[in-house]
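Data first, discussion second: the structure below is written as structure tokens.
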Amino acid sequence: MAEKQYVCGYKHCKIHNKIPASEAVIVGNRRYHIQCAETREKLNEMRDLYIDNIDKNVAIVELVSVLNQLIFTKNVNIDYMLFAMKNVVLRKLRIKSPYTLHYIAENKQIQTLWIKENKRKSGETFAN
Ligand SMILES: [Zn+2]
């Protein structure tokens, strides 16, 4: 008998195939692709990071909408965005509203730090 297949429960799922039961990640009563579960998890982490460290009174709908726009519309790398937000919190940079995150995504200084961080992680050394 063929393995049971599930439709991914993630609203932003971009994977067209169904999920074989053995590969599904179950959260609550929904089943997700591994990648979708990770994306969802990272977005939740960014949302909580913002609420806990930047503005606990932020309009959550607005915050989530900006994060979704960055990741799903602008296709900003999600790991970069998480790194950038952590960096901003670490340096206590001023974030006026969730819309400021669009500038954070394009911040050259943070992008440079991100490249360095990745090189460090992959054990490469800088040429020159
Ligand atoms: Zn999915």
Discussion item. Within 26 Å of Cys8 (Cβ to Cβ), surrounded by 14 or more Cβ atoms within 10 Å (Cβ to Cβ) and touching a residue at least 24 places away in the same chain (Cβ under 8 Å): which single residue out of Leu113, Leu67 fits that description?
Written reply: Leu67
Item to complete: Would you point out which residue out of Ala24, Ala2, Ala59 is under 30 Å from Lys121 (Cα atoms) and of a type in the set (Gly, Ala, Ser)?
Response: Ala24
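So that you can scan it fast, the table gives a plain yes or no per residue for (1) on the phi > 0 side of the Ramachandran plot; (2) among the basic types (Lys, Arg); (3) in a helix (DSSP H, G or I); (4) surrounded by 15 or more Cβ atoms within 10 Å (Cβ to Cβ):
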site: Glu3; (1), (2), (3), (4): no, no, no, no
site: Lys11; (1), (2), (3), (4): no, yes, no, no
site: Ser22; (1), (2), (3), (4): no, no, yes, no
site: Arg47; (1), (2), (3), (4): no, yes, yes, yes
Practice prompt. Evaluate the following for Val58: is it part of a loop (DSSP other than H, G, I, E, B), in contact (Cβ under 8 Å) with a residue 24 or more places away in the chain, farther than 25 Å from Thr112 by Cα and more than 16 Å from the ligand (Cβ to nearest atom)?
Written response: yes
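Would you mind stating whether Glu38 is in a helix (DSSP H, G or I), within 20 Å of Glu117 (Cβ to Cβ), among the charged types (D, E, K, R) and within 12 Å of the ligand (Cβ to nearest atom)?
Details: in a helix (DSSP H, G or I): yes; within 20 Å of Glu117 (Cβ to Cβ): yes; among the charged types (D, E, K, R): yes; within 12 Å of the ligand (Cβ to nearest atom): yes.
Criteria met by Glu38.
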Fill in: Residue that is within 16 Å of the ligand (Cβ to nearest atom) and touching a helix residue (DSSP H, G or I) at 6+ places or on another chain (Cβ under 9 Å), where the choices are Tyr32, Tyr50, Tyr80
Tyr32
Worksheet entry | Leu70 vs. criteria more than 24 Å from Lys121 (Cα to Cα) and in a helix (DSSP H, G or I) | yes
Response to the item:
Of the residues in segment 18-29, those that are within 12 Å of the ligand (Cβ to nearest atom) and either farther than 21 Å from Ile71 by Cβ or aromatic (Phe, Trp, Tyr) (or both) come to Lys18, Glu23, Ala24
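Could you list all residues from segment 70-85 that are surrounded by 15 or more Cβ atoms within 10 Å (Cβ to Cβ) and closer than 19 Å to Asn118 by Cα? Break it down into steps so the answer makes sense when it comes.
Going residue by residue through segment 70-85, those that are surrounded by 15 or more Cβ atoms within 10 Å (Cβ to Cβ) are 70-72, 76, 78, 80-85.
Within segment 70-85, Val76, Ile78, Tyr80, Met81, Leu82, Phe83, Ala84, Met85 qualify.
Looking only at segment 82-108, count how many residues are among the β-branched types (Val, Ile, Thr) and farther than 14 Å from Arg47 by Cβ. Lay out the reasoning, then the answer.
Step one: list which residues in segment 82-108 are among the β-branched types (Val, Ile, Thr), which gives 88-89, 95, 100, 104.
Then drop every residue that is not farther than 14 Å from Arg47 by Cβ, which leaves 88, 100, 104.
Matching residues across segment 82-108 total 3.
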Item to complete: Could you check Val89 against (1) within 14 Å of the ligand (Cβ to nearest atom); (2) within 25 Å of Lys121 (Cβ to Cβ); (3) more than 15 Å from the chain's Cα centre (by Cα) and say which number it fails?
Response: (1)
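Each value in this text was obtained by applying a stated rule to the coordinates, not by laboratory testing. If you're wondering where the values come from, they're calculated on a predicted model, not measured in any experiment. For neighbour counting, all protein chains shown are included, and Cβ atoms are generated from backbone atoms with ideal geometry for every residue, glycine included.
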